[in-house]
Structure formats: structure tokens, C-alpha cells
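Computed from the coordinates by the stated procedures, all read-outs in this text should not be read as laboratory data. Every value quoted in this text rests on a predicted model; they were computed, and no experiment measured them. Because the Cβ atoms are built from the backbone with ideal geometry, glycine has one as well, and the counts that use them run over all protein chains shown.
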Amino acid sequence: MKDITTRADIELLVRSFYEKALTDDHIGFFFTKVAAIDLEEHLPILFQFWETALLGAMTYEGNPMLKHIELNRKSPLKPDHFDRWLELWCTTVNEHFSGEKASEAIQRAQQIAGLMKFKVEQLS
């Protein structure tokens, strides 16, 4: 398997992840009902986020923490929701990629999930 090296790799990873997340029994409703995201509108933002995080492209400008705090106000985000998100992310990374950047994608997701869990819990 190849490593994550291009924007196309990021797009494959994020699209594959969302195919799982949107239909997941445990967290899918956050995307489809609570946030009610328009996936085709939201995907380019996610591509930019992960391209910035993993490839240093500096294409993302935003604050995902604020978005998740707003989401938590609509429907409480629990630690197991973040755990499930992370599980799906790691599975998706490992299905498609292997190497330094793939490991970094998992490590960054672990950091993000941990920080968001902490911040959301502090506000609850």
C-alpha cells in the first residue's frame, strides 16, 4: 500500500471515511440529522483541513473546535462518539494507506479526538 502524499490521497481518505461515518449506527445521525451537512459542500473544507494537517498545504482556514461546540449544543457529543469517529478514521486510513503520513493521520486524529472530548466535556 502507498502512503498519503497528494491531495488526491486526502480526497480518497476523506470520502471513504464519510461513506462509513454517514451510515454509522452510532454517529451517523450527527452528520445527517444534527448538523445536516451537505456532503458535497462540506467535503472541500475537509479536504483542505486534512491537506493542511498532513501535507502542510495551508489551504484550510477555520476553527473546527467552534463547529463542534455548536454541534454539542444541539445534541451532546459524548466520549464514545469521539471514540467511534476515531475508530472509523483509523480503519479507513489502514484500508487505503500505510507509511509515515498514514501513521501521522492516525496520530493527528487521536489528538483531535482527545482535545475535542476534553473541550466539549469542559463546556457540558
Q. For GLU19, what is the net charge nearby, where nearby means another residue's Cβ is under 14 Å from its Cβ and Lys, Arg count +1, Asp, Glu -1?
A. -2
(Q) Could you tell me what a quarter of the Cα convex hull surface of segment 7-123 works out to, in nm² with one decimal place? (A) 6.7 nm²
(Q) Can you give me the distance in nm between label points at SER75 and ASP3, each placed 7 Å from the Cα along the Cα-to-Cβ direction? (A) 3.8 nm
(Q) Can you tell me the mean projection area, over all orientations, of the convex hull of segment 49-115's alpha carbons? Units nm², please. (A) 4.8 nm²
Q: Quickly estimate the mean residue ellipticity at 222 nm for the chain, helices only: each DSSP H run with n ≥ 4 gives -39500 (n - 2.57), and the total goes over all residues, rounded to 500.
A: -23500 deg cm²/dmol
Q | Total charge dipole magnitude, the chain, about the Cα centre, Cβ charges on Lys, Arg, Asp, Glu only, Debye to nearest 20 | A | 360 debye
**Q.** Cross-link reach list, lysines versus LYS67, counting only Cα pairs under 24 Å and skipping chain neighbours closer than eight places
**A.** LYS20, LYS33, LYS78, LYS117, LYS119
(Q) What is the sum of charges, Lys and Arg at +1 and Asp and Glu at -1, for the other residues whose Cβ falls under 13 Å from the Cβ of GLY28? (A) 0
Q | Length-normalised contact order of the chain in % [C-alpha pairs under 8 Å, at least 6 apart] | A | 36 percent
Q) Where in the chain are the DSSP H helices whose alpha-carbon span along the long axis reaches 27 Å or more and whose Kyte-Doolittle mean is at least -1.0? A) 100-123
